[in-house]
Amino acid sequence: MATVRKRRDWFGLAGWAALCFAASAIGAAASIQAGSFYVRLAQPAWAPPASVFGPVWTVLYALMALAAWLVWRSGGLRGNRLPLTLFVAQLALNALWSWLFFAWHRGGWAFADIVALWILLLATVVSFWRVRPLAGVLLVPYLAWVSFAAALNHAVWQLNPQVLG
């Protein structure tokens, strides 16, 4: 019985990781041409170099997967329907942001998306915390990064109204 549980747990972790990195891949597909686009945009002095984003997001997606897995292990999909639904919803908004900003050049819509993402993410952090405090803690760096990214999105949008309409 313990072996079946361990196997189920590992498959669960793989499933949450696959979901998180699928969302990452969907966002990355919108960002394929982002390098040449992003360097042409006026940036605030506090903007990090473009090379920072990939490694940061890789770590954040891994932490997201681990957090979702911990919540899933604490009651499954039925037992934690609201926290895991919030998680999947914020993941969808996360993937959409790259399309809005990089592919479709819609700075205002991207900002609206990231504000909605931040709200859903905060609700996810709180709901994860209630199920498993460690899961909530694992999402705090993601919440901090999305907060920073929202400020950066707004600043870049305001500095480039002709490009990001």
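Side notes on the structure shown:
- Criterion (among the small types (Gly, Ala, Ser), surrounded by fewer than 15 Cβ atoms within 10 Å (Cβ to Cβ) and either in a helix (DSSP H, G or I) or touching an Asp or Glu at 6+ places or on another chain (Cβ under 6 Å) (or both)) met by exactly one of 127, 147: 147
- Region 73-83 - residue that is touching a helix residue (DSSP H, G or I) at 6+ places or on another chain (Cβ under 8 Å) and assigned to a helix (DSSP H, G or I) and, of those, nearest to residue 14 (Cα to Cα): 73
- Among residues of region 25-59 being of a type in the set (Gly, Ala, Ser) and in contact with a Leu (Cβ under 9 Å, 6 or more places away or on another chain), the one that is farthest from residue 91 (Cα to Cα) is 42.
- Here residue 32 passes the criteria (1) crowded, with 16+ Cβ neighbours inside 10 Å; (2) among the hydrophobic types (A, V, I, L, M, F, W, C); (3) in a loop (DSSP other than H, G, I, E, B) except the one numbered (1).
- Qualifying residue in region 54-72 (condition: in contact with a helix residue (DSSP H, G or I) (Cβ under 7 Å, 6 or more places away or on another chain) and in a loop (DSSP other than H, G, I, E, B)): no
- For region 108-124, filtered to residues that are β-branched (Val, Ile, Thr) and buried (at least 22 other Cβ atoms within 10 Å of the Cβ), the residue that is nearest to residue 94 (Cα to Cα) is 114.
- Selected residue [β-branched (Val, Ile, Thr), surrounded by 15 or more Cβ atoms within 10 Å (Cβ to Cβ) and either modelled with pLDDT of 95 or more or assigned to a helix (DSSP H, G or I) (or both)] from 140, 163, 156: 156
- Residue tally, condition over 19 Å from residue 59 (Cβ atoms) and among the polar types (S, T, N, Q), over region 102-157: 2
- Residue in region 86-93 that is in contact with an Asp or Glu (Cβ under 9 Å, 6 or more places away or on another chain) and closer than 24 Å to residue 27 by Cα present: yes
The values are calculated or read from the model by the stated rules, or taken from the named source; none is laboratory data. In this text the structure is predicted, and so the values were computed from the model without any measurement. FYI the Cβ positions are ideal-geometry reconstructions off the backbone, even for glycines, and counts take in every protein chain you see.
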